[in-house]
Each structure stands twice: as structure tokens, then as C-alpha cells.
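Participant: One structure follows; several queries about it will come next.
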Amino acid sequence: MRLRVLGSSGGYPAPGNPSTGFFLESGGAKLWIDAGNGTFAELQRLVDFTRVDALLLSHVHADHCADVYPLHVATRYGIGEGFKLPLYAPPGSQQALGGLLGATGADQLAEAFDLHTIDAGDEIEIAGVRFTFLRTDHPIHALAMRAESPEGTLVYSADTGPNVDLAGFAREADLLLCEANYQDARMGPPFHLSARQAAAIARQARVRELAITHVWPTLDPQISLREAREEAGDLPIRWAEPRAVFDVGRP
């Protein structure tokens, strides 16, 4: 299982680092997870987007879904009839995303995508990868994702505050990809995590490796790494920097 970072900026894209998005490969599966601003261009460096098995959205805040719109244009006007990328998203996403496309926006999305609703407690399989979902602690309906295959286990926190059992959901995963929007000196509303909080969750979950993502663009990721490492001891921790590659699985 291999995870490639398309972008990891929190809130808005930083120069050289798009908003949140990842490309996951496992066996023959090709999966796009979150489609923040700028991630569609990065995805196309790696793969013909018509070969992607599915796009999964954790929630429909713009920094996680905005590139659905250029993808919609490419699909409807650049490919021709017959191609419909499967798109999995939380309840209400079709209506929320369709709003920017006008009165018939939800119908336009249905013409361009094969739409599926996912929610906490669901279990689905896409191209041999099994996904389960956890409702996170966030102002809108957002879902953490656990992706499992014979190759390994990835858990992605999506956006969340601390008031959810993410450690239980991530138990003994090979990689926890966890948001770390804040630092000790720059804390905000409790619907995001700090790097130190992300590390505490990873340690409690006994994961093999932690990757911190969704760092606010004006913060130094090296400070986030230092604070996470202070909390996590000898747990391997990396920043999900743009174009980073993580091999997920047991040796």
C-alpha cells in the first residue's frame, strides 16, 4: 500500500502546497482521497484520472473538496459520454456541492459522477480495499477513514477536534495520517487538533507511524514535528509534505 501526498495545507493552499488530498494505491486499486484546491493538477502528474477507481471525500469544506469542480468540467466536457467516476461522500454532499453549479447543480453532479453516500459505521469495499468510517468532531458532517487491504492499514483522521475516539478507530494501524492544524503557541477552536494532540492519539492507538497533515499555511511544519516528537517519544513521525510518499504496511 502506497500513499502519495497531493497537498497538505490546512484551510487554504500555501505556495507549493495545495490543500488536502492524497492518492492511495493498493494492489491494483487507485484511490483519490479528498480533493482540496490544487490536488487535481497534482493527481494528473501521477495517473490518468480516468483510471482512478474512486474519489472519497471526508467532508465538503472547500479545502477538502474544491477540486470536484474542475474534475466536473473535465468529466462532462473533456471525456465524452460514458465515463462516470465513483464519488463517495457524507450525507448531503451532493446538494451542498451542487449549489455552486446553480439550480440544477445536484443533477449535473449526478450526470458527471457515480454518487454514493457514506456515513459512520458503514463498511464498503473499493477495488479490494475495505473502508470503514468514523464521524469526527467537526462543525459539519465529516468522516475519518480506515482503509485496509492485505498490504496494510491506513487511517486518515480528516478534520477533527479531540472529542472523538480516534485512537480507538486507529488502533494498531500501520500509518495514521492525522490533522495537526495547531501548535502549542497557536491554538484555536476545538474542532481541529494540534501536533501534540495528534501525537498523543497516535501513541494511544499504538500505530506504527504518524504523518501529520493539515498544518496551517503560516506555521512552520518543523515546529509541528518537534512538538509531536516531544509527545510521542520514539514513534516515527513525518510531515506529509507535498509529493511525499509513504509505504504503508508491515515489513
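Participant: If you check every pair at least six apart or on different chains, which have Cβ atoms under 9 Å apart with a residue in segment 222-251 that is more than 16 Å from GLU179 (Cα to Cα) first and a residue that is in a helix (DSSP H, G or I) and open to solvent by less than 50 Å² (accessible area, probe 1.4 Å) second?
Facilitator: Hits for this filter: GLU230/ALA199; GLY233/ALA199; LEU235/ALA199; LEU235/ALA202; LEU235/ALA228; ARG243/GLU42.
Participant: For THR218, only one of the following conditions fails: (1) more than 20 Å from the chain's Cα centre (by Cα); (2) more than 18 Å from SER8 (Cβ to Cβ). What is its number?
Facilitator: (2)
Participant: A further question on this structure: When you go through GLU230, GLU179, GLU209 one by one, which is the residue that is exposed (fewer than 15 other Cβ atoms within 10 Å of the Cβ) and of a type in the set (Asp, Glu)?
Facilitator: Every option except GLU230 fails the conditions.
Participant: Name the residue, out of LEU109, LEU100, LEU134, that is assigned to a helix (DSSP H, G or I) and crowded, with 17+ Cβ neighbours inside 10 Å.
Facilitator: Going through LEU109, LEU100, LEU134 in turn, just one is assigned to a helix (DSSP H, G or I) and crowded, with 17+ Cβ neighbours inside 10 Å: LEU109.
Participant: Return the pairs, sorted by first residue and then second, in which the second residue is open to solvent by less than 40 Å² (accessible area, probe 1.4 Å) and of a type in the set (S, T, N, Q), the first residue lies in segment 78-105 and is in contact (Cβ under 8 Å) with a residue 12 or more places away in the chain, the beta carbons are less than 9 Å apart, and the residues are 6+ apart or on different chains.
Facilitator: Every condition considered, the pairs that remain are PHE83/THR75; LYS84/THR75; LEU85/THR75; LEU87/SER93; ALA89/SER58; PRO90/SER58; LEU101/GLN108.
For every residue, the table says whether it meets (1) farther than 22 Å from LEU101 by Cβ; (2) of a type outside the set (D, E, K, R).
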{"position": "SER9", "(1), (2)": "yes, yes"}
{"position": "ASN17", "(1), (2)": "yes, yes"}
{"position": "LEU24", "(1), (2)": "yes, yes"}
{"position": "ASN37", "(1), (2)": "no, yes"}
{"position": "ARG51", "(1), (2)": "yes, no"}
{"position": "HIS64", "(1), (2)": "no, yes"}
{"position": "THR75", "(1), (2)": "no, yes"}
{"position": "LYS84", "(1), (2)": "no, no"}
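Participant: So, one more: Whether any residue in segment 64-82 is modelled with pLDDT of 95 or more, closer than 23 Å to TYR182 by Cα, out of contact with any Asp or Glu (no Cβ under 7 Å at 6 or more places or on another chain) and assigned to a loop (DSSP other than H, G, I, E, B) is what I want to check.
Facilitator: Yes, the conditions are met somewhere in segment 64-82.
The values are calculated or read from the model by the stated rules, or taken from the named source; none is laboratory data. Just so we're clear, the structure is a prediction, and the values are computed from it rather than from any experiment. Here the Cβ is made from the backbone with ideal geometry for all residues, glycine too, and neighbour counts use every protein chain on show. When the accessible area is computed, the model is the full protein with side chains, heavy atoms only, and any ligands, DNA or RNA have been set aside. Shrake-Rupley method; radii C 1.70, N 1.55, O 1.52, S 1.80 Å.
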